[in-house]
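The values are calculated or read from the model by the stated rules, or taken from the named source; none is laboratory data. Just so it is clear, the model here is predicted, and its values are computed rather than measured. Cβ placement follows ideal geometry from the backbone for every residue including glycine, while neighbour counts extend to all protein chains displayed. Heavy atoms of the whole protein, side chains included, go into the accessibility calculation; ligands, DNA and RNA do not. Shrake-Rupley method; radii C 1.70, N 1.55, O 1.52, S 1.80 Å.
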Amino acid sequence: MYIKLENINKTFGNFKASNNVNIEIEKGKLVALLGPSGSGKTTILRMLAGLEHQDSGDIYIDGKLVNGIPVQDRGIGFVFQSYALFPYLNVYDNIAYGMKIRKKTKDEIDSKVEELLELVGLKGLGKRFPDQLSGGQRQRVAFARALATEPQVLLLDEPFAAIDAKVRKDLRRWLKEMIEKLGITSIFVTHDQDEAVEVADELIITNEGKVEQIGTPVDIYRNPKTAFVAQFIGDSV
Ligand code: ADP
């Protein structure tokens, strides 16, 4: 299994954010973590990235145990909800940031940034600053930046939440196509069922720190395994 979380527990104070979480994800899949606010979705993403550490349990990426391995060595790219672009850096420098830290040469960086700008449809906009871009364009830059270090896994935390409703649908479709084209194993957090069903190959439904069900949208809608899942998906119909 490409990504595996085994018996993961995580407590903040008295609050159990992850309660014996078990998840397996195959290589190349685009998976949505879907559940109500506070159900532990972001905590799972942050532990996978190594931004937070589980109290117990094991995390494997590409079959390798990564407990204790720092964030920069996990081969992970991160896209955040509010872009988190550096406002005083132009598009080029935002995308180049991770490569500079990794001491790549100027030529390597130039050609990679050009390639990524072309990939995300922003060729020629390298000199713009984030406040000169639309929300959708900023999120494309955030996506390019996440890819710049050639991650094996892409984690996206509510990637569409800050996007104008008018362009959100287009951006969802774009991101799905892009991830499929790249074949990169990706996990995104959302509380929006329509979004999860439209974008993801598989859903992981969370509630109160537990994984309630994992499956394709069709599986889950046809055969909800718990009362919570039945109610949760029923609510939106
Ligand atoms: P979700 O992404 O499903 O909304 P989260 O994983 O962000 O849920 O959080 C679950 C709960 O865990 C939050 O409601 C919060 O109470 C708690 N929590 C998350 N991160 C922290 C933290 N760093 N410190 C304290 N409590 C936290």
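Within the range 122-151, how many residues are among the aromatic types (Phe, Trp, Tyr), over 14 Å from residue 175 (Cβ atoms) and within 16 Å of the chain's Cα centre (by Cα)?
Total meeting the criteria: 0.
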Would you confirm whether any residue within the range 84-96 is modelled with pLDDT under 95, within 17 Å of the chain's Cα centre (by Cα) and of a type in the set (Gly, Ala, Ser)?
yes
Tell me, yes or no, whether the range 216-227 has at least one residue that is within 16 Å of the ligand (Cβ to nearest atom) and either among the hydrophobic types (A, V, I, L, M, F, W, C) or over 18 Å from the mean Cα position of the chain (by Cα) (or both).
no
Note down all Cβ pairs under 6 Å where the first residue falls in the range 8-27 and is of a type in the set (Asp, Glu), the second is away from the ligand (no atom under 11 Å from the Cβ), and they're at least six residues apart or on different chains.
24/1; 24/4; 26/2
Residue by residue through the range 179-215, note down the ones that are among the small types (Gly, Ala, Ser), away from the ligand (no atom under 13 Å from the Cβ) and more than 17 Å from the chain's Cα centre (by Cα).
215
Out of all the residues in the range 147-160, which are open to solvent by 10 Å² or more (accessible area, probe 1.4 Å), within 20 Å of residue 33 (Cα to Cα) and not in a strand (DSSP E or B)?
151, 152, 158
